[in-house]
Each structure stands twice: as structure tokens, then as C-alpha cells.
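Peer 1: Handing you a structure now.
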Amino acid sequence: MASSRKRRPTADPLERSLLTAVQSAVSQALLGQGCAPPARARRTPARSESPLVIAFSGGPDSTALLSLVGALRDARAPGFGRPRAVHVHHGLHRDADAWVSHCEQQCAALEIGLDVRRVRVEGKGQGVEAAAREARYRALAGAARTLGAAAVLTAHHLDDRLETFLLQWIRGAGLEGLSAMVQQRAFEEAGEGNRIALVRPLLHVPRDRIERYLHQKALTYIEDSTNSDLRFDRNAIRLRVMPELGRLRSGFRSAAERSIELIAEGAEVLRWLAREDLQTCLEGAPASMLRIDRLVSLPEVRRTLVLRQWLAQAGLPTPPRARLREALQQAVHASADARLLIRIGDRELRRHRGLLCLHAPKNGAPAPHSVQWRGEAELAVPGWGGALVFTRTNEEGFDWRWLCAEPLELRPRTGGERFKPHPTRPSKRLKQIFQDARIPEFERPGLPLVWRDGRLIYVAGVGPDVRMLVADGDRVRIDWVGAARLLHD
């Protein structure tokens with residue numbers, strides 16, 4: 001059935017330039033995702049292409065973007081055959097429900113489907129504005145996953161970019177913060193190796209050109225009264241600082257954008273260098289650990305870059321510069337037997353035998369826990385954050401029937417336990433065995449000791465007590481698998 005949408009008249013120069021900006025940015029993003037439609041699809045609707053998600057608040061900028069996307073869809077531009085608007089309802093403004101109605105009307109007029117996502121904003125440890133932004137991006141990512149979208153489009157423009165730069169500058173941000181708003185970046189994994197792109201197709205377009213477009217098209221949009229509240233730093237920069245800069249130097253926007261692009265290039269070079277240095281420091285080190293001797297061999301400024309990159313790869317927030325320098329000072333210059341403990345996010349930065357370690361602390365040792373093994377391949381023990389794994393073996397192992405006959409109890413270490421992990425060596429105190437096995441002291445409280453009928457038969461991270469093993473009959477080996485390994489498997 002033919003589409004009821006009428007072909008739009010030829011665009012004027014302003015509209016044509018905005019359409020070109022949006023089409024170019026989206027085409028580059030889809031090409032990078034490996035899902036750009038072929039050029040020959042220009043004259044036919046693209047039925048198999050992925051949807052485009054447009055973040056639609058109903059405000060002036062997103063209204064202009066949605067209109068431009070609709071025009072490109074009507075012109076059958078490649079990649080624009082399946083647009084979908086997503087409105088995030090934060091529930092923070094008294095007119096939030098009215099905004100939903102407005103967005104529904106606008107999308108209906110453009111014949112673009114609308115999804116409304118309601119979120120709960122919790123400003124724990126951060127401002128409401130930052131919490132709302134995080135909730136909004138989570139909602140957009142969820143919508144994109146549900147719809148199978150290749151990209152999410154937001155309506156940030158050049159003035160937004162300059163305002164963000166000034167905000168980050170007065171907060172003392174580094175190169176990463178000063179260049180944070182880029183036209184395209186990976187949003188998140190979408191499953192099966194696919195990625196969702198976050199695209200800002202209007203990022204190089206100044207606000208006044210968008211306002212002119214809205215006026216020419218007589219588009220209606222939401223006026224958020226909070227945008228004029230000068231108590232918010234961004235509003236003060238937009239309403240006071242930016243106009244004054246314009247009076248001071250006309251054309252400052254394009255000059256400032258060049259500076260931001262140069263900063264972004266410098267930040268990318270430093271990221272590349274940090275990744276190379278980090279790889280060198282990780283070689284030969286266990287998982288979640290970094291070699292201090294390799295770190296020390298680097299110039300001081302590059303050590304900081306490596307530590308930032310390491311924490312970022314672990315999904316941790318970058319600590320303040322002073323705290324980062326303190327961590328490096330303690331790691332590099334403290335005596336070998338000094339203890340290092342610096343909290344970063346939900347982890348602890350520790351040092352052990354020439355290694356820096358990221359450790360997930362627990363609130364005290366887990367409580368004792370009894371299990372009855374009846375031949376299962378695995379017994380999960382959530383309280384200890386792992387599982388006991390049982391494997392049949394032809395080598396020495398625990399007698400199958402003997403192991404089933406009594407409950408097994410997982411207990412924390414209390415001190416003074418003796419253990420015999422080697423057949424040709426005498427038993428030792430468990431503390432000495434842990435030291436010989438190079439198990440960090442801060443990891444020992446989370447390793448369960450397995451007891452049977454009052455006897456210690458197995459220690460996680462070490463192995464069985466050889467006095468409990470047999471060489472005949474049905475035999476089984478015990479292994480302890482932590483939570484990280486279970487999730488990976």
C-alpha cells in the first residue's frame with residue numbers, strides 16, 4: 001500500500017544545510033556500525049534497515065531534529081526508513097504529563113512512532129540534574145535494545161558543546177572532560193557483538209540556526225521554565241556568559257569549536273599512549289593486578305595516565321587528581337612491607353608482592369554454611385560468593401561415598417589451623433601456607449575452609465589436605481570457583 005505521506009517541497013538553503021548535517025552524521029555512524037544501507041536503496045523504502053531512535057523531549061532542539069529526520073524519511077534517504085521517537089518521563093516537573101501529550105501530538109503529525117519511558121530519578125551522591133541525565137541515557141539505551149536500533153540520535157548542538165566545555169573548565173576538568181561531548185561514540189553493547197551508536201548530528205550547528213528553522217517551519221515546542229533559572233550553572237552560562245562572549249568577539253563559536261577539536265585530538269593521543277603503557281604493565285601479572293616495577297619505569301605523568309586507564313577499564317570512576325597522586329605515591333615510594341589501602345568506588349586499591357591489586361571488599365568474613373553433597377557437579381554457596389565444584393578423577397581424590405556420608409561445612413579462617421597440602425612435607429599453619437602460595441592477606445578472609453566431621457579437608461586457593469585423599473574406588477576432586485569465574489562461564 002502506498003504511503004499517505006506527501007513528498008515535501010524543495011528545501012530552502014537553511015533546511016538543506018541542516019538535512020545534510022543530519023544525513024551525513026547518521027550515515028557515518030551507520031557505516032561505522034557496519035549497517036549502512038547501500039546507496040541504491042535511496043529511492044525505495046528500506047524495510048530491512050535498523051530503526052533510528054530519536055531522543056525527543058519536545059523542546060526546541062529535539063523538535064527540530066525530529067522534523068529533519070521525518071523529512072529525510074519522506075525523501076527516502078538511506079538509513080532513515082524506520083525512525084522511532086523516545087520520550088523519557090522523569091516525573092520531576094509538574095507539567096511532565098502535559099509534555100507527554102504534546103510529544104504524542106507532534107509524533108502523530110509526523111507519522112513517527114513514539115515510546116514513552118518513565119524513569120525514577122535518585123540523586124544519591126550527585127545532583128538531581130546528573131541523576132536525571134543518567135536515568136535518561138539508561139532509558140534510551142533500553143529502548144534502543146528493545147527496538148533493535150543501531151543508533152540513538154540526540155539534539156545537542158554547538159552551543160551545548162561550548163556550554164559543556166565552559167562548565168567543565170570552571171570545574172577544573174582535564175582533557176577528557178573538556179572534550180567529552182563528541183559527535184559520535186559507542187553507546188553500549190547491543191548483544192551478539194553489535195554496538196549501539198550515540199550520535200549528535202547537530203553538534204556543529206549553532207543554536208540560532210536551529211531557532212530560525214523552527215520559526216520557518218512554524219513548529220511548536222515545549223518551553224521548560226527551569227531553563228531560565230539562573231541558579232543552575234548551565235543556564236547562567238547560556239544566558240549570561242555566552243551572549244557576553246558574542247559581544248566581545250563575533251564568530252567566537254567557530255574558533256572555540258576548533259580549540260575543542262584540538263583538545264579532543266590530544267585526549268585521543270593520550271588515551272592511545274595510556275593503553276599501550278597499561279598493556280606493558282599488565283604483562284605477566286594476574287587478573288586485576290598491575291606490575292609496579294613496570295609502572296615505576298615510566299615517567300611520572302604517564303604513570304597517572306596508566307592508573308586512570310586501568311581504573312576506567314575496571315568500570316571505576318576516576319578519583320580526584322589529588323587522590324590519584326596519593327595512590328601513586330604510596331604504591332611507588334612506600335617501603336615494600338608497608339600496607340596500601342585506598343578506596344576507589346566500590347573497590348580497594350591494594351599492593352601485594354610488587355603488584356597493584358583491585359580488590360572487592362566484603363563486610364567481614366562470611367558466616368559458616370553447611371551443605372550436603374549428594375553427587376551434584378556443583379553446589380552454589382551464595383553467602384560465600386561462589387560454588388564448590390566436584391569432578392570425578394582417576395588420580396588421588398576424596399572417596400565419593402565418604403564425602404556424601406556427612407555434611408560439609410564452609411567456615412572462615414579463625415587462626416591456628418594446620419594443614420598438609422603436600423604429601424612429602426609436614427603440615428604447617430595455614431598462615432604460612434597462604435604466604436607460600438602468595439595469596440594476598442586481604443583476600444584470605446573471603447576464601448572458605450571446608451570441614452567434614454570436625455576435620456579440615458580443603459582450603460580454597462590452596463587445595464585438599466593430602467591426608468584425606470585415597471587412590472582407590474570412586475574418587476572426586478573439589479575446586480572452589482569464585483563469583484567472577486561463575487559469571488564469566
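Peer 1: Check whether at least one residue in segment 276-284 is outside any helix (DSSP H, G or I), under 30 Å from ILE439 (Cα atoms) and open to solvent by 60 Å² or more (accessible area, probe 1.4 Å), and report yes or no.
Peer 2: Taking every residue of segment 276-284 in turn, at least one turns out to be outside any helix (DSSP H, G or I), under 30 Å from ILE439 (Cα atoms) and open to solvent by 60 Å² or more (accessible area, probe 1.4 Å).
Peer 1: Now for a separate question. On the basis of being open to solvent by 30 Å² or more (accessible area, probe 1.4 Å), without any contact (Cβ under 8 Å) to a residue 60 or more places away in the chain, more than 30 Å from LEU110 (Cβ to Cβ) and assigned to a helix (DSSP H, G or I), does SER254 make the cut?
Peer 2: It is true that SER254 is open to solvent by 30 Å² or more (accessible area, probe 1.4 Å), without any contact (Cβ under 8 Å) to a residue 60 or more places away in the chain, more than 30 Å from LEU110 (Cβ to Cβ) and assigned to a helix (DSSP H, G or I).
Peer 1: Does GLY148 qualify as being open to solvent by 10 Å² or more (accessible area, probe 1.4 Å) and either in contact with a His (Cβ under 9 Å, 6 or more places away or on another chain) or touching a residue at least 12 places away in the same chain (Cβ under 8 Å) (or both)? Write out each step before concluding.
Peer 2: On the way: open to solvent by 10 Å² or more (accessible area, probe 1.4 Å): yes; either in contact with a His (Cβ under 9 Å, 6 or more places away or on another chain) or touching a residue at least 12 places away in the same chain (Cβ under 8 Å) (or both): yes.
So GLY148 fits the description; yes.
Peer 1: In addition: Can you confirm whether segment 340-349 contains a residue that is surrounded by 11 or more Cβ atoms within 10 Å (Cβ to Cβ), part of a helix (DSSP H, G or I) and in contact with a Pro (Cβ under 9 Å, 6 or more places away or on another chain)?
Peer 2: no
Peer 1: Of ALA287, ALA267, which residue is at pLDDT 90 or above and either open to solvent by 20 Å² or more (accessible area, probe 1.4 Å) or within 21 Å of the chain's Cα centre (by Cα) (or both)?
Peer 2: ALA267
Peer 1: Let me ask something else. Are there any pairs with C-beta distances below 8 angstrom linking a residue in segment 315-329 that is open to solvent by 70 Å² or more (accessible area, probe 1.4 Å) to a residue that is at pLDDT below 80 and not in a helix (DSSP H, G or I), with the two at least 6 apart or on different chains, and if so which?
Peer 2: From residues that are open to solvent by 70 Å² or more (accessible area, probe 1.4 Å), the pairs are PRO317/ILE344; PRO317/GLY345; ARG323/ILE342; ARG323/ILE344; GLU326/ILE342.
Peer 1: State whether one or more residues within segment 147-157 are at pLDDT below 90, within 20 Å of the chain's Cα centre (by Cα) and under 20 Å from ASN235 (Cβ atoms).
Peer 2: Looking for residues that are at pLDDT below 90, within 20 Å of the chain's Cα centre (by Cα) and under 20 Å from ASN235 (Cβ atoms), one finds none in segment 147-157, hence no.
Peer 1: Looking at segment 124-136 only, could you name the residues that are within 17 Å of SER62 (Cβ to Cβ) and in contact (Cβ under 8 Å) with a residue 60 or more places away in the chain?
Peer 2: Hit for segment 124-136 is ARG136, nothing else.
Peer 1: Kindly provide the set of residues from segment 101-124 that are in contact with a His (Cβ under 8 Å, 6 or more places away or on another chain) and either modelled with pLDDT of 95 or more or in a strand (DSSP E or B) (or both), ordered by number.
Peer 2: CYS103, LEU114, ASP115, VAL116, ARG117, ARG118, listed by residue number.
The values are calculated or read from the model by the stated rules, or taken from the named source; none is laboratory data. For clarity, every value in this text was computed on a predicted model and none was experimentally measured. Don't worry about glycine lacking a Cβ; one is built from the backbone with ideal geometry, like all the others, and counts go over all protein chains shown. With ligands, DNA and RNA removed, areas are computed over all heavy atoms of the protein, side chains included. Shrake-Rupley method; radii C 1.70, N 1.55, O 1.52, S 1.80 Å.
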